[in-house]
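Since the structure comes first, as structure tokens, the remarks are kept for the end.
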């Protein structure tokens, strides 16, 4: 069956609501640090534990989408998110909250189960547009989650946000059960063979390696920025509350409007070009951030550029990856996204390290180094492809 517009929009909404679980904690860092009487930077560890959990869940659970029925997997993983969020809401020690954060990450992989399902049910000529539309939902969920959690945290306390999130996921469980289409799996081997095939794909697919590595460096910059931005805005000269900090997510959400356009560009065979422009915009954003340690206007413009750039890189790379082996989309997505979010987790930890070492300017300079590495991968793979073409042509 082909997806209707209604199916696509509902998948986009579900994707946004569930992926938001990964980011609710970010504006709440200051409130959490105050309750458990720990330094703000130490409370930031829950941000990269959540991202690391997401990477673990991607690697171990998403491949099963090629082996078991996808709708059932999406349903029960969503229900597991409800339990993880309740553990976070009721945590009586920071250690328990750290464990809950890891579990929230592991169980919030549903968007990466929805995307391959949507890709497999889409006509080839519309796949980029469908992926772009669903990615719009995902990106809006990521960015507006910070705005919502900042407001809820200030008004009702940080625990309320996790209670609300658990309720949203419970409602989604029942809607998914009623609305989502069934999708027959194609992999007939064992789970061990399924996981082993991931390493085979990495070894045999150069495009997968290129797209994944560029994403790793790009996601690392994204994670470093959003984690340390909370620390920057909570201190002098800003002294913003969690509500005000959360409002910066709305600025980033405006960039999500570019996602369908990037998807259409990918459908026209220009996805690799879009990746290059995306890398350039991310690098440019950190040049702006470097000079904006005390400027709200500079931070606003930087957020717009980094979010549009991230969409250019991520959506285009994801469309390229989905085009390689249709029968292995879940496994291809596993490699691509698990390493991408390991990049986010590592970037968040790297950003916190740089913050302790030299503050905001150290963070921005470190991220520009990561930009240079992403450009290097992009340039080297282009050069090797060009040499291959030249050798074929004699």
key: Wholly within region 18-88, helices (runs of 4 or more DSSP H) carrying at least 1 residues that are under 16 Å from the mean Cα position of the chain (by Cα) and farther than 30 Å from residue 325 by Cα   = 45-61
query = For region 207-226, does any single residue satisfy the condition of being at pLDDT 85 or above and surrounded by fewer than 17 Cβ atoms within 10 Å (Cβ to Cβ)?
reply = yes
request  = Determine which single condition residue 1 fails, assuming it passes every other condition in (1) under 17 Å from residue 178 (Cβ atoms); (2) at pLDDT 90 or above.
outcome  = (2)
note = Going through (1) under 16 Å from residue 205 (Cα atoms); (2) modelled with pLDDT under 85 one by one, residue 377 fails only at (2)
message = What's the number of the only condition in (1) in contact (Cβ under 8 Å) with a residue 60 or more places away in the chain; (2) touching a helix residue (DSSP H, G or I) at 6+ places or on another chain (Cβ under 6 Å); (3) surrounded by fewer than 20 Cβ atoms within 10 Å (Cβ to Cβ) that residue 74 fails to meet?
response = (3)
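Quick check on this structure: which one of 283, 253, 258 is over 27 Å from residue 20 (Cβ atoms), in a helix (DSSP H, G or I) and either at pLDDT below 85 or under 19 Å from the mean Cα position of the chain (by Cα) (or both)?
On the way: 253 fails: over 27 Å from residue 20 (Cβ atoms); 258 fails: over 27 Å from residue 20 (Cβ atoms).
Exactly one of 283, 253, 258 is over 27 Å from residue 20 (Cβ atoms), in a helix (DSSP H, G or I) and either at pLDDT below 85 or under 19 Å from the mean Cα position of the chain (by Cα) (or both), namely 283.
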task = Would you be able to tell me the number of residues in region 297-307 that are surrounded by fewer than 24 Cβ atoms within 10 Å (Cβ to Cβ) and in contact with a helix residue (DSSP H, G or I) (Cβ under 9 Å, 6 or more places away or on another chain)?
result = 6
message = Tell me the residue from 358, 347 that is modelled with pLDDT of 90 or more and more than 22 Å from residue 274 (Cβ to Cβ), please.
response = 358
message = Just checking, does region 314-333 include any residue being in contact (Cβ under 8 Å) with a residue 60 or more places away in the chain, assigned to a helix (DSSP H, G or I), within 30 Å of residue 234 (Cβ to Cβ) and touching a helix residue (DSSP H, G or I) at 6+ places or on another chain (Cβ under 8 Å)?
response = yes
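The values are calculated or read from the model by the stated rules, or taken from the named source; none is laboratory data. Note that the coordinates shown come from a computational prediction; the quantities given were computed from them, not determined experimentally. Please note: Cβ atoms are built from the backbone with ideal geometry, for glycine as well, and neighbour counts cover all protein chains shown.
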